[in-house]
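Notes for the one structure printed next.
The values are calculated or read from the model by the stated rules, or taken from the named source; none is laboratory data. Keep in mind that this is a model prediction, so the values were computed, not measured. Note: ideal-geometry Cβ built from the backbone for every residue, glycine included; neighbour counts use all protein chains shown. Please note that ligands, DNA and RNA were not included when accessible areas were found on the heavy atoms of the full protein model with its side chains. Shrake-Rupley method; radii C 1.70, N 1.55, O 1.52, S 1.80 Å.
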Amino acid sequence: MGRSVRMGIDVGGTHTKAVAIDNQTHEIIGKSSVKTTHSDPRGVAAGVVQSFMNCLKENNIKPEEVVFVAHSTTQATNALIEGDVATVGVVGMAKGGFESFLAKRQTQLDNIDLGNKKQIKIVNSFINTKKLTPETADQLVEELKKRGAQVIVSSMAFGVDDNGPEKLVHDAAEKKGMSTTIASDITKLYGLTRRTRTAAINASILPKMLDTANSTEASVREAGVNVPLMIMRGDGGVMEINEMKKRPVLTMLSGPAASVMGSLMYLRASNGVYFEVGGTTTNIGVIKNGRPAIDYSIVGGHPTYISSLDVRVLGVAGGSMVRANKDGIIDVGPRSAHIAGLEYSVYSDPNKIVGPKVEFFSPRPGDPSDYVAIRLENGERVTITNSCAANVLGLVKPEHFSYGNVEAAKKAMKALADYCGTTVEDIAKQIMEKSYAKIEPVILGLAEKYKLEKDQISLVGVGGGASSLIIYFAEKMGLKYSIPENAEVISSIGVALAMVRDVVERIIPSPSQDDIRSLKNEAMNKAIESGASPESVEIHIEIDPQTSKVTAIATGSTEVKTTDLLKECDVEEARELAAEDMRISKDKTELLEESAYFYVFGEKPERAGSPVAVRILDKKGFIKVQRGHAKVLKTTAKDYLEAVKKLWDDMAVYQSELIARPDYYLCLGARVMDFTAIDFKQLELLMGIEVSMMDPDTEVIVVAANMKQN
């Protein structure tokens with residue numbers, strides 16, 4: 001049998017990069033990059049196809065060897081930013097009486113503001129479901145069409161419980177050849193206004209996304225590749241293109257999602273803050289317990305039910321220019337060298353940097369006029385950026401993508417240092433300090449939001465400009481950092497290796513075992529519809545006690561994996577990895593428990609039985625859990641609840657008004673599952689569903705952890 005190849009294509013603002021990966025060994029066997037085709041009649045799809053075809057050709061990959069092809073897309077985000085959207089006709093519905101009075105107000109949407117003086121135009125209508133028939137649905141759609149609607153949304157009060165009427169309107173729109181969205185297909189959560197708005201945003205980008213999807217799919221088929229075409233979702237999974245045609249809004253922020261998933265493939269730690277550093281912007285987000293942090297997107301200031309990575313985007317990156325006056329550096333960014341059309345001094349020929357003089361300018365009309373350019377004797381101008389400063393300070397190594405010519409950067413920076421009456425090194429430090437002052441609060445804010453203990457945070461740098469920022473920040477904050485190999489194409493790697501993902505959410509006060517089972521089945525079916533092979537699907541359940549929201553997250557691969565080529569590490573190698581991660585010596589690191597699949601190491605306790613820092617490692621050496629204050633018990637599937645109950649009491653923290661209960665991690669066979677609940681019955685329910693499927697004598701390791709109290 002020949003080799004099998006996974007292809008991942010990431011669409012960036014400047015470049016579209018394709019990467020080919022051997023499906024068995026996960027080695028990169030080919031890369032290809034083209035300029036992103038913003039102005040092509042087929043839009044960015046042309047670049048996706050071009051980079052894909054080039055990658056096949058340049059690396060002698062036969063079309064029949066390709067078993068997986070996926071791409072990220074900026075299309076949904078760009079369509080909303082640029083206002084390239086369709087006018088949406090909304091059909092609100094309810095059963096009459098007071099319910100109709102409320103529903104009419106809740107489905108009556110205003111135009112949705114997208115910023116930049118762009119908006120989604122909304123045309124509203126409403127019908128009592130008692131009057132709804134195929135004929136009246138047809139009339140409603142026709143009337144909305146006459147009023148300018150190009151796409152239709154059907155949204156009913158309690159449509160998540162019965163969407164028959166919504167489907168009637170959907171069918172009427174389809175008969176007229178109009179794109180259409182059923183609100184309850186987008187989310188099963190209550191909250192009629194928010195659900196309707198989310199569906200309207202989805203519908204507004206349908207025509208644009210369908211055109212792109214169809215032309216990309218046709219081109220891939222013409223190339224002789226017949227496997228399903230997968231699209232990256234904003235929450236880090238992929239879905240089959242036919243699913244994307246129904247729910248394109250789920251692809252929002254799929255670019256940052258691709259870089260995170262790429263980071264996870266290379267990252268041995270389970271908790272971290274990742275930076276994707278480009279030339280103009282830096283995306284910052286969190287990985288916790290081996291999963292990226294997810295939240296609902298906000299569009300035009302309105303919360304939606306669109307799950308995507310919880311990413312902060314900052315205008316301070318590798319190519320951010322500096323602003324200065326006689327006293328030194330005032331600010332860094334948000335304008336980049338790319339926007340100003342200037343070369344970074346660090347990537348210039350040092351022989352050209354002759355007679356450098358400081359010039360102040362305004363990159364764009366309305367910008368401050370104190371951005372720094374360096375005028376050279378030959379009349380050309382270069383500029384000073386974060387990348388220049390990091391190279392001057394010796395932070396960037398030759399193996400890093402951002403490595404440049406230090407001599408050239410120093411010559412240009414000396415002109416600014418002389419103007420400010422200081423040294424080149426001082427100017428470089430001032431630049432890094434200004435950037436640090438903008439990014440440090442974001443890191444700390446995310447760490448607080450997701451309860452990352454400071455000694456567990458490691459910074460992961462991806463994107464071409466990673467080394468320009470992350471090394472200085474990590475040293476300053478006293479944190480570990482890593483810049484994975486192939487950091488500049490990490491997004492394409494993330495797309496190529498991404499898993500199929502789907503999510504089902506419901507509001508269920510006091511969920512029963514049957515409720516949870518039914519939700520798991522629904523999530524499993526959705527993941528299979530999105531392209532996952534049934535045998536590969538795993539489901540993680542979360543319950544939010546404040547809102548009674550139950551979430552089932554299903555992940556799976558497009559084919560069943562038969563090989564795993566990473567070699568196992570023995571107990572001493574694992575001890576070394578755990579010790580290094582806990583920043584203690586090997587002799588202070590003890591093996592607390594072990595199963596067929598996992599090692600649990602901890603710091604030797606000061607007194608027997610007291611909580612300690614803990615690391616759970618799988619036998620391949622990947623750190624699955626990092627906690628600073630935990631206890632561990634080994635038991636069996638039939639007796640696990642006694643261990644859970646004991647730790648529930650032992651690890652409780654009594655605060656003034658309430659009792660903080662521990663987070664739990666169960667090593668069940670080859671999986672580590674995490675559970676959080678404030679009510680023991682809920683915890684028992686969630687764990688019971690997982691443990692009940694196991695043989696009673698199977699080993700179970702129970703770890704309970706809480707935040708260390710000062």
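What is the packing order of peptides 222-230, 152-160, taking the mean over residues of other C-beta atoms within 10 Å and listing the highest first?
Working: 222-230: 17.6, 152-160: 26.9.
Result, highest mean first: 152-160, 222-230.
Start at zero, step by 5 Å, and the Cα-Cα distances of segment 243-316 spread as 3, 15, 24, 23, 19, 11, 4, 0 percent across the bins.
Classify segment 432-536 from the C-alpha gyration tensor, please: rounded if a/c falls under 1.5, else prolate or oblate depending on whether a/b exceeds b/c.
Note, shape of segment 432-536 comes out oblate.
Among the trypsin sites (Lys or Arg not before Pro) found in segment 478-566, those both in a DSSP coil and sparsely packed, with 13 or fewer other Cβ atoms within 10 Å of their Cβ, are 561. In order along segment 152-162, the phi-based Karplus estimate (6.51 cos²θ - 1.76 cosθ + 1.60, θ = phi - 60°) of 3J(HN,Hα) comes to 10, 10, 10, 9, 10, 4, 6, x, 5, 8, 7 Hz; Gly and Pro are listed as x. Taking the centroid of alpha carbons for each part, segment 467-514 and segment 611-689 are 23 Å apart. As an equivalent ellipsoid, segment 589-678 spans semi-axes of 22, 16, 12 angstrom, where each value is the square root of five times an eigenvalue of the C-alpha gyration tensor, largest first. Note that segment 48-114, at 4 °C in a medium of 1.567 mPa s, gets a Stokes-Einstein diffusion coefficient of 77 µm²/s from its Kirkwood radius over C-alpha pairs. Each part reduced to its alpha carbon centroid, segment 248-320 and segment 8-68 end up 22 Å apart. Screening the chain for whole DSSP H helices of 27 Å or more along their axis (Cα) with average Kyte-Doolittle hydropathy at least 0.0 returns 424-449. Across all Cα atoms of segment 493-622, the radius of gyration (one decimal) and Dmax (whole number) stand at 19.5, 53 Å.
Protection proxy ranking of 280-293, 137-150, by the mean of other Cβ atoms within 10 Å over each peptide's residues and highest first, is 280-293, 137-150. Solvent exposure of segment 327-470 amounts to 42 Å² per residue of accessible area, where only protein heavy atoms count and the probe is 1.4 Å. Amide H contacts of residue 460 (H built 1.01 Å from N, in plane; Pro and chain starts excluded): 273, 274, 275, 482 sit under 5 Å, all sequence-distant by 5 or more or on other chains. Estimated translational diffusion coefficient (Stokes-Einstein, Kirkwood radius over Cα pairs, 25 °C, 0.890 mPa s) of segment 394-460: 169 µm² per second. Within the chain, the ratio Rg/Rh, alpha carbon atoms throughout and Rh by Kirkwood, equals 0.99.
Beyond a 23 Å Cα-Cα separation, which of these cross-linked pairs lie in this structure: 130/549; 352/438; 646/681; 454/549; 326/414; 35/121? The answer is 130/549; 352/438; 454/549; 35/121.
For the chain, what is the mean residue ellipticity at 222 nm derived from helices alone (per DSSP H run of n ≥ 4: -39500 (n - 2.57); sum divided by total residues; nearest 500 deg cm²/dmol)? Numbers along the way, then the final one.
Values: 19 runs with 235 residues, N = 710.
Roughly -10500 deg cm²/dmol at 222 nm, from the helical runs in the chain.
Computed from backbone phi with θ = phi - 60° and the Karplus coefficients 6.51, -1.76 and 1.60, the 3J(HN,Hα) list for segment 694-703 is 9, 5, x, 8, 5, 5, 10, 9, 10, 10 Hz; x is used for glycine and proline. Here the dipole of the chain is about 1720 debye; that uses its Cα centre as origin and unit charges on the Cβ of Lys and Arg (positive) and Asp and Glu (negative). Across all C-alpha atoms in segment 297-368, the radius of gyration and Dmax reach 17.5, 57 Å.
Between residue 587 and residue 620, the C-beta separation translates, for a Förster distance of 30 Å, into a calculated FRET efficiency of about 0.80. For the set 42, 195, 381, the ranking by accessible area, highest first and with no ligand, DNA or RNA atoms included, is 42, 381, 195 under a 1.4 Å probe.
Between the amide H of residue 321 and those of 333, 335, 336, 337, distances stay under 5 Å, these residues lying 5 or more places away or on another chain, with hydrogens modeled in the peptide plane.
Radius of gyration over Kirkwood radius for segment 120-274, both on Cα atoms: the Rg/Rh ratio is 1.06. Each Lys and Arg contributes +1 and each Asp and Glu -1, all at the Cβ; summed about the Cα centre of segment 342-466, the dipole is approximately 100 debye. Close amide-amide hydrogen proximity is noted between residue 558 and 500, 533, each under 5 Å apart and 5 or more residues distant or on a separate chain (H modeled in the peptide plane; Pro and chain starts excluded). Between segment 545-559 and segment 408-464, the alpha-carbon centres lie 37 Å apart.
For the chain, the relative contact order works out to 10 percent when only alpha carbon pairs closer than 8 Å and six or more residues apart are counted.
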